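Asker: Please find one structure pasted underneath; my questions will follow.
The values are calculated or read from the model by the stated rules, or taken from the named source; none is laboratory data. Only a predicted model underlies this, so the values are computations on that prediction, with no experimental measurement involved. No Cβ is skipped: glycine too gets one built from the backbone with ideal geometry, and neighbour counts run over all protein chains shown.
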Amino acid sequence: MFKKYMWYVVMAALLVASILLVACGGAQAPTVTPQPTKPPVATKASQPTAAPATGGKLEIFSWWTAGGEAEGLNAMYKIYNGKYPNVKIVNATVAGGAGSNAKAVLATRMQSGDPPDSFQVHAGHELIDSWVKAGKMEPVTSIFKENGWLDRYPKGVIDILSYKGEIWSVPVNIHRSNVLWYNKKVFADNGLKPPTTFDEFFAVADKLKAAGVTPLALGDNGIWTANHLMESVLLGSMGPEKYKGLWDGSTDWNGPEVKSALTTFAKVMNYVNEDHAALSWDQAAQLVADGDAAMTIMGDWAEGYFKSIKLKPGVDFGWVPSPGTAGTFIMLSDSFGLPKGAPDRDNAIAWLTVCGSKEGQDAFNPLKGSIPARMDGDRSLYDVYLQSAMDDFKTNKIVPSLTHGAAASEGWVTAFSDVMTLFVSDKDVAAAQQGMTKACVDAGVCK
Amino acid sequence: MSHARRERWIAFIMVLPSILLLALFVYGFIGWTAAVSLSKWDGVEPNYSWAGLENFRLLFSKVGGVSARRFSIDLWNTLFFTLFFLLLCIIVGLFLAILLDQKIRGEGVFRTIYLFPMSLSFVVTGVVWRWIFAPGAGTRLRGVNALLHAIGLNALRWKWYTDTSSFGPFHVALTPVIIAASWQLIGYTMAMYLAGLRSIPEELREAARVDGASEVKIYRHIILPMLQPITLSALIVLGHISLKIFDLVYTMTGKGPGFVTDVPGIFMFETTFQGNHYAQGATISIIMLLMVAVVIIPYLIYSFRREVEL
């Protein structure tokens with residue numbers, strides 16, 4: 001009898017303990033993973049412009065938890081620790097959801113007045129509309145000036161980072177959104193050249209369709225890849241100036257340019273794989289790799305995917321700017337900002353100085369598979385695709401990406417996604433145009 | 001007397017922690033959500049200025065544009081999902097329970113097998129069902145479509161959860177989701193019915209048999225009426241799961257093209273945590289709460305009354 005009673009007590013104790021463990025695990029594990037600090041190897045800080053970071057800690061918040069991006073982040077930590085060996089870096093990462101989980105955690109911390117020293121954020125309106133307008137950020141213009149970076153970065157990038165005459169974050173990398181990737185073998189077998197305009201695209205697509213190949217691979221489960229395709233189509237049908245105008249209200253969403261872009265998009269949807277709504281972007285890229293599909297329009301992280309499945313850039317797959325967008329570079333960028341009330345402000349400024357330096361960017365980007373946001377990156381560190389992207393980045397017109405936070409606020413992007421969700425299914429141009437116009441008005445940009 | 005009073009105090013103190021926790025973490029936050037739903041909080045910064053019922057109006061009237069359209073699709077989806085999910089669970093669950101009640105050998109094994117899906121997380125099964133019903137296309141068919149192709153039933157192949165066609169407001173793409181959800185909870189319904197069947201005294205059946213009733217008649221006139229309270233409980237439990245379903249749909253299909261598999265939970269999550277429309281998200285939550293309340297409250301009243309009668 002007594003024994004039985006004891007069993008209940010033990011079971012109950014175990015249950016309580018496990019609940020406690022789960023509760024603690026949930027609260028702790030995803031937010032703070034301590035970074036093993038390297039023993040001091042290098043000499044004292046060599047850069048006189050950096051703020052005096054002599055000790056204490058530095059908490060960096062990001063969603064880079066795995067793969068090349070985590071390695072890249074660690075490479076930057078290494079540089080930082082080399083310069084400031086007494087600063088203990090706390091690597092606060094939140095995994096999952098392409099950053100949406102991290103953003104939710106960040107919002108909670110910022111709202112409760114507990115900001116990290118610096119956090120990863122998409123450069124442009126995602127930062128500006130969410131945090132700068134709310135008065136939660138410090139400008140970093142002075143860091144740019146002190147280090148003489150203003151002429152090291154393209155003006156288009158500085159414009160995207162700026163709001164009310166100040167720069168608000170330090171970009172560490174650049175990705176390009178408007179790239180058309182194609183399977184070289186499929187194109188050669190069918191005697192085709194990669195299309196440069198939408199007329200050529202449709203001509204090529206008809207031939208591919210006749211040959212039994214899906215012309216364009218799309219994986220829009222979760223809809224953002226449809227937005228991604230749409231921004232390339234918008235740019236391709238109206239050119240960079242009008243495209244930029246879409247995001248400040250000077251191009252009319254109700255006008256003929258948007259209408260023609262939507263009509264083109266609806267036509268493009270006739271050439272995509274039937275199961276597009278069930279796939280993700282990497283599964284769509286896989287269709288191109290397998291030769292089931294000939295092309296896909298995706299950001300240049302697709303190159304990282306192709307390389308990870310052992311395809312050779314320029315040999316197995318090729319790339320051109322998406323139709324009608326040659327000479328323009330839709331950029332998106334991960335950047336780090338300086339929240340007001342950062343507990344270790346000096347260390348954070350030193351961190352931002354590393355992020356924006358040539359050394360820091362050339363350590364991060366070859367691992368992440370992106371190009372430096374500066375124009376003076378060391379070309380020899382990058383592969384053949386990234387070199388071509390670096391060339392384009394220097395010479396092309398730079399415009400912001402909608403899908404990836406550079407062009408518009410998160411609220412606007414979400415509203416745009418909802419319009420696109422209906423549009424990919426009903427292809428109703430008039431309704432989509434009306435919805436997009438309303439999204440711009442609701443975002444407070446259009447009248 | 002003082003002894004009784006002391007006991008009452010001890011009892012009160014024992015339940016006090018859970019009362020406090022419930023008050024704070026359930027009712028407190030429901031109240032807070034309701035307050036946010038009446039505010040103008042749009043963006044990451046809290047803004048509690050009064051908006052009245054404006055957020056509700058925007059979800060239900062044409063002024064809301066795409067949001068209103070999405071929400072009306074969501075409500076229809078919830079209605080059809082709940083309807084078919086409940087029907088499937090009740091009918092198949094009852095059927096399985098009756099089969100298991102025939103005193104067959106190895107009953108324990110079957111019971112465990114049927115009940116097992118319930119012990120898995122919706123997130124896990126959602127991912128697997130997503131693979132099973134992935135349509136594929138052309139020469140690279142997947143999941144069920146590949147199976148149908150292999151056994152020569154090509155006519156039955158379709159686009160499953162990516163199909164955008166509908167009968168009136170019913171999107172056919174919901175079918176795979178209904179199948180997945182039912183698969184997971186049929187075993188649970190079966191267990192409830194089985195318990196109900198076992199609680200019916202054997203004497204009743206014997207008496208009916210002696211009176212010359214056929215087995216069908218026994219089920220029709222004795223067993224099914226006696227299972228009514230079980231059906232009611234099952235409807236309540238399953239109904240509130242289906243009205244606020246999120247995880248299964250989110251991992252299995254997402255909102256789908258044209259919102260064919262969207263539900264209010266996904267809309268709430270996206271608008272709040274991706275679009276920063278906190279007030280709109282709170283409004284959707286409150287509407288979901290009201291929908292569940294419509295189902296639960298009559299049941300609570302009914303069972304309280306019964307307790308009093310007893």
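Asker: Just for region B:162-182: of the residues that are among the hydrophobic types (A, V, I, L, M, F, W, C) and in a helix (DSSP H, G or I), which one is surrounded by the fewest Cβ atoms within 10 Å (Cβ to Cβ)?
Answerer: B:ILE179
Asker: Please work out if A:THR403 is within 24 Å of A:ASP275 (Cα to Cα), touching a Ser or Thr at 6+ places or on another chain (Cβ under 9 Å), at the interface with chain B (Cβ under 9 Å from one of its Cβ atoms) and among the hydroxyl-bearing types (Ser, Thr, Tyr).
Answerer: Working: within 24 Å of A:ASP275 (Cα to Cα): yes; touching a Ser or Thr at 6+ places or on another chain (Cβ under 9 Å): yes; at the interface with chain B (Cβ under 9 Å from one of its Cβ atoms): no; among the hydroxyl-bearing types (Ser, Thr, Tyr): yes.
Against the criterion (within 24 Å of A:ASP275 (Cα to Cα), touching a Ser or Thr at 6+ places or on another chain (Cβ under 9 Å), at the interface with chain B (Cβ under 9 Å from one of its Cβ atoms) and among the hydroxyl-bearing types (Ser, Thr, Tyr)), A:THR403 does not qualify.
Asker: Scan region A:169-210 for residues that are in contact with a helix residue (DSSP H, G or I) (Cβ under 8 Å, 6 or more places away or on another chain), among the small types (Gly, Ala, Ser) and under 21 Å from A:ASP292 (Cβ atoms) and jot them down.
Answerer: Once the filter is applied, which keeps residues that are in contact with a helix residue (DSSP H, G or I) (Cβ under 8 Å, 6 or more places away or on another chain), among the small types (Gly, Ala, Ser) and under 21 Å from A:ASP292 (Cβ atoms), region A:169-210 yields only A:ALA205.
Asker: Go through region A:276-295 and give me each residue that's within 11 Å of chain B (Cβ to nearest Cβ) and surrounded by 22 or more Cβ atoms within 10 Å (Cβ to Cβ).
Answerer: Result: A:HIS276, A:ALA277, A:ALA278, A:LEU279, A:LEU287, A:ALA293.
Asker: Of all residues in region A:104-127, count the ones that are free of Cβ contacts under 8 Å to residues at least 60 places away in the same chain and in a helix (DSSP H, G or I). Before you say what the answer is, go through the steps one by one.
Answerer: So the first thing to find is which residues in region A:104-127 are free of Cβ contacts under 8 Å to residues at least 60 places away in the same chain, and the list is A:104, A:106-109, A:111-112, A:114.
After this cut, where a residue has to be in a helix (DSSP H, G or I) as well, the list is A:104, A:106-109, A:111.
Matching residues across region A:104-127 total 6.
Asker: Would you point out the residue of region A:296-310, among those that are farther than 11 Å from A:LEU218 by Cα and in contact with a Pro (Cβ under 9 Å, 6 or more places away or on another chain), that is nearest to the other protein chains (Cβ to nearest Cβ)?
Answerer: Residue satisfying both the conditions and the ranking: A:PHE306.
Asker: Being within 9 Å of the chain's Cα centre (by Cα) and among the small types (Gly, Ala, Ser) is the filter here, so list the residues in region B:223-246 that pass it.
Answerer: Of everything in region B:223-246, those that are within 9 Å of the chain's Cα centre (by Cα) and among the small types (Gly, Ala, Ser) turn out to be B:GLY239, B:SER242.
Asker: From the list B:LEU185, B:LEU194, B:LEU227, which one is touching a Cys at 6+ places or on another chain (Cβ under 7 Å), in contact (Cβ under 8 Å) with a residue 12 or more places away in the chain, buried (at least 20 other Cβ atoms within 10 Å of the Cβ) and under 28 Å from B:ILE297 (Cα atoms)?
Answerer: B:LEU185
Asker: Within the set of pairs 6 or more residues apart or between chains, which connect a residue that is over 19 Å from A:SER250 (Cα atoms) inside region A:422-447 to a residue that is assigned to a loop (DSSP other than H, G, I, E, B) with Cβ atoms less than 6 Å apart?
Answerer: Partner pairs satisfying both residue conditions: A:SER425/B:THR164.
Asker: Which members of region B:55-74 meet the condition of being away from chain A (no Cβ under 11 Å) and closer than 21 Å to B:GLN274 by Cα?
Answerer: Listed by number, the residues that qualify are B:ASN55, B:PHE56, B:LEU59, B:SER72, B:ASP74.
Asker: Hey, another quick one. Of all residues being within 8 Å of another protein chain (Cβ to nearest Cβ) and of a type outside the set (A, V, I, L, M) in region A:419-433, which is nearest to A:ILE223 (Cα to Cα)? Just the residue, please.
Answerer: A:THR421
Asker: While we're here: Filter region B:79-114 down to residues that are at pLDDT below 90 and among the aliphatic types (A, V, I, L, M), then give me how many there are.
Answerer: The qualifying residues number 1.
Asker: Could you check, for region A:231-250, whether at least one of its residues is over 24 Å from A:GLY327 (Cβ atoms) and over 19 Å from the mean Cα position of the chain (by Cα)? Working first, answer last.
Answerer: Within region A:231-250, the subset over 24 Å from A:GLY327 (Cβ atoms) is A:249.
Subset that is over 19 Å from the mean Cα position of the chain (by Cα): A:249.
Looking for residues that are over 24 Å from A:GLY327 (Cβ atoms) and over 19 Å from the mean Cα position of the chain (by Cα), one finds at least one in region A:231-250, hence yes.
Asker: Name the residue, out of A:LYS185, A:LYS209, that is more than 30 Å from the chain's Cα centre (by Cα) and more than 30 Å from A:LYS358 (Cα to Cα).
Answerer: Residue meeting the stated conditions: A:LYS209.
Asker: For region B:1-28, which residues satisfy the criterion of being surrounded by 11 or more Cβ atoms within 10 Å (Cβ to Cβ) and under 18 Å from B:ILE284 (Cα atoms)?
Answerer: Result: B:GLY28, single match.
Asker: Can you tell which of B:ASP211, B:ASP247 is within 14 Å of chain A (Cβ to nearest Cβ), out of contact with any Ser or Thr (no Cβ under 7 Å at 6 or more places or on another chain) and either at positive phi or not β-branched (Val, Ile, Thr) (or both)?
Answerer: B:ASP247
Asker: Now, a different point. Mind checking whether some residue in region A:426-439 is basic (Lys, Arg), surrounded by 18 or more Cβ atoms within 10 Å (Cβ to Cβ) and within 19 Å of the chain's Cα centre (by Cα)?
Answerer: No, region A:426-439 contains no residue that is basic (Lys, Arg), surrounded by 18 or more Cβ atoms within 10 Å (Cβ to Cβ) and within 19 Å of the chain's Cα centre (by Cα).
Asker: Give the residues of region B:39-64 that are in contact (Cβ under 8 Å) with a residue 40 or more places away in the chain and surrounded by 15 or more Cβ atoms within 10 Å (Cβ to Cβ), sorted by residue number.
Answerer: B:SER39, B:LYS40, B:TRP41, B:ASP42, B:GLY43, B:VAL44, B:ALA51, B:ASN55, B:PHE56, B:LEU58, B:LEU59 - these are the residues of region B:39-64 that are in contact (Cβ under 8 Å) with a residue 40 or more places away in the chain and surrounded by 15 or more Cβ atoms within 10 Å (Cβ to Cβ).
Asker: Something else about it: With the requirement that a residue be free of Cβ contacts under 8 Å to residues at least 12 places away in the same chain and part of a helix (DSSP H, G or I), what does region A:240-278 give you?
Answerer: Residues satisfying the conditions are A:GLU241, A:GLY245, A:PRO256, A:ASN270.
Asker: Sticking with this structure for a sec: Suppose we filter region A:84-103 for residues that are crowded, with 22+ Cβ neighbours inside 10 Å and in a helix (DSSP H, G or I); how many remain?
Answerer: 2
Asker: Here is a list of conditions, (1) over 25 Å from A:TRP224 (Cβ atoms); (2) buried (at least 19 other Cβ atoms within 10 Å of the Cβ), and A:GLY341 meets all of them except one; can you say which number that is?
Answerer: Result: A:GLY341 passes all but (2).
Asker: On the basis of being free of Cβ contacts under 8 Å to residues at least 40 places away in the same chain, within 14 Å of chain B (Cβ to nearest Cβ) and not in a helix (DSSP H, G or I), does A:GLY212 make the cut?
Answerer: Spelling it out, A:GLY212 is indeed free of Cβ contacts under 8 Å to residues at least 40 places away in the same chain, within 14 Å of chain B (Cβ to nearest Cβ) and not in a helix (DSSP H, G or I).
Asker: Enumerate the helices (runs of 4 or more DSSP H) found wholly within region B:208-310, keeping only those where 2 or more residues are within 28 Å of A:SER417 (Cα to Cα).
Answerer: Those helices (runs of 4 or more DSSP H) span B:228-243, B:247-252, B:264-273, B:278-309.
Asker: Identify the residue in region B:82-138 that is out of contact with any helix residue (DSSP H, G or I) (no Cβ under 7 Å at 6 or more places or on another chain) and more than 20 Å from B:THR189 (Cα to Cα) and, among all such residues, is surrounded by the fewest Cβ atoms within 10 Å (Cβ to Cβ).
Answerer: Top of the filtered list is B:ARG105.
Asker: Right, another one. Determine whether region A:241-251 contains at least one residue that is among the aromatic types (Phe, Trp, Tyr) and more than 13 Å from chain B (Cβ to nearest Cβ).
Answerer: Yes - at least one qualifying residue is present in region A:241-251.
Asker: Moving to a separate point now. Within 12 Å of chain B (Cβ to nearest Cβ), within 22 Å of A:GLU410 (Cα to Cα) and either part of a helix (DSSP H, G or I) or out of contact with any strand residue (DSSP E or B) (no Cβ under 9 Å at 6 or more places or on another chain) (or both) - does that describe any residue in region A:135-142?
Answerer: Among the residues of region A:135-142, at least one is within 12 Å of chain B (Cβ to nearest Cβ), within 22 Å of A:GLU410 (Cα to Cα) and either part of a helix (DSSP H, G or I) or out of contact with any strand residue (DSSP E or B) (no Cβ under 9 Å at 6 or more places or on another chain) (or both), which makes the answer yes.
Asker: Would you mind stating whether A:SER401 is small (Gly, Ala, Ser), out of contact with any Asp or Glu (no Cβ under 7 Å at 6 or more places or on another chain), modelled with pLDDT of 95 or more and farther than 18 Å from A:SER308 by Cβ?
Answerer: no
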